[in-house]
Amino acid sequence: MLDGDRTLAVIGCGTMGEAIVRGIFRSGRLAPSQVFATDRRADLVKELAARHKMRTGADNVEAARVASVALVCLKPQHMASALDDDAMREALAGKLVISIAAGVRLEQLARWLPGSGLIRAMPNTPAVIGEGMTVLARGRHVTDPQVALAMELFGAVGRCVEIDESSMDVVTALNGSGPAFAMLVLEALADGAVMMGLRRDVAISIAAQMLQGSARMVLETGLHPAALKDQVTTPAGCTIAGLLTLEDGRIRSVLARAVEEASRVASKLGQG
């Protein structure tokens, strides 16, 4: 568990890294003095230090050396150059390393950091507002307490579950790309309301709250989405008329295929 003796290195503290840091500080799980964040952009490093009063810098190895846990938030194409390095291997030996790089597999991480405990994580952008979903996959020899520590970190920015790594490509599509799919659906629903005379800002506000509330009903009631759908679908009503129009447009197939295609692309990320 996180305590006063734990220190966290956030290597590549961009949008997602900062969202996680912000959630950790908001939850009180770590103090700013326990976090060392890095980025190659000098202006961002200064901004992070000013905003969060934490230690920042550009030296990834230095951050890894002083931390007990490392959260690696680099882009997939930058992972090898940052981690496949003797100084980094030494700095992270015996420590827990959590990677959020899409498509970079545990076996790749193990080649670069053979002496570290390794976890893959796939968070998503709603983590920025504390409503994220993060999915974890543990590497060999990672203990239950280490997984619990990772879940506590990501629990600061939303929900967290553990799966087998074999499902991480589809998780990347559903969880990582999913918010973009949801935004497209939201925008399209608002467009329909605008076409029927509703002001756009009002339409977007209503559509966003409607989708948020509908999603929370699934999470909090545990009911299948079809059961909740049927609750508002009365005979000869406007809802069934709209649903049949969506089915005419093959909405289920299109959305399912979007996840399928994104999964295929995700399987190739980090492999070049």
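Hey, any hits in the range 72-84 for a residue that's touching a strand residue (DSSP E or B) at 6+ places or on another chain (Cβ under 6 Å) and under 21 Å from A42 (Cβ atoms)? Yes: one or more hits. The sole residue among A190, A173 that is over 20 Å from G270 (Cβ atoms), assigned to a helix (DSSP H, G or I), small (G, A, S) and open to solvent by less than 40 Å² (accessible area, probe 1.4 Å) is A190.
Within the range 113-141, being closer than 21 Å to R65 by Cα and either buried (at least 20 other Cβ atoms within 10 Å of the Cβ) or of a type in the set (S, T, N, Q) (or both) holds for L113, S116, G117, L118, I119, R120. Quick check on my filter: what residues within the range 218-246 are open to solvent by 80 Å² or more (accessible area, probe 1.4 Å) and part of a helix (DSSP H, G or I)? Listed by number, the residues that qualify are L219, E220, D230, Q231, C238, L244, T245, L246. Whenever a residue of the range 217-236 is without any contact (Cβ under 8 Å) to a residue 24 or more places away in the chain and closer than 18 Å to R159 by Cα, its partners that are part of a helix (DSSP H, G or I) and open to solvent by less than 90 Å² (accessible area, probe 1.4 Å), lying with C-beta atoms within less than 7 angstrom and at least six residues away or across chains, give the pairs M217/L228; V218/P225; V218/L228. Does A258 count as open to solvent by less than 50 Å² (accessible area, probe 1.4 Å) and touching a Phe, Trp or Tyr at 6+ places or on another chain (Cβ under 8 Å)? Spelling it out, A258 is indeed open to solvent by less than 50 Å² (accessible area, probe 1.4 Å) and touching a Phe, Trp or Tyr at 6+ places or on another chain (Cβ under 8 Å).
Might you check whether a residue that is hydroxyl-bearing (S, T, Y), buried (at least 21 other Cβ atoms within 10 Å of the Cβ) and in contact with a Cys (Cβ under 7 Å, 6 or more places away or on another chain) occurs anywhere in the range 37-50? Yes; the residues of the range 37-50 include at least one that is hydroxyl-bearing (S, T, Y), buried (at least 21 other Cβ atoms within 10 Å of the Cβ) and in contact with a Cys (Cβ under 7 Å, 6 or more places away or on another chain). Taken together, the residues in the range 145-164 that are part of a helix (DSSP H, G or I) and in contact with a Lys or Arg (Cβ under 6 Å, 6 or more places away or on another chain) amount to 1. Selection of the range 13-32 for residues being of a type outside the set (K, R), farther than 13 Å from T125 by Cα and touching a residue at least 40 places away in the same chain (Cβ under 8 Å) yields C13, I24, S27.
The values are calculated or read from the model by the stated rules, or taken from the named source; none is laboratory data. Bear in mind that the values here come from a model prediction, so they are computed numbers and not experimental data. Reconstructed Cβ throughout: ideal geometry from the backbone, glycine too, with neighbour counts over all protein chains shown. Areas reflect the complete protein model, heavy atoms only, side chains present, ligands, DNA and RNA absent. Shrake-Rupley method; radii C 1.70, N 1.55, O 1.52, S 1.80 Å.
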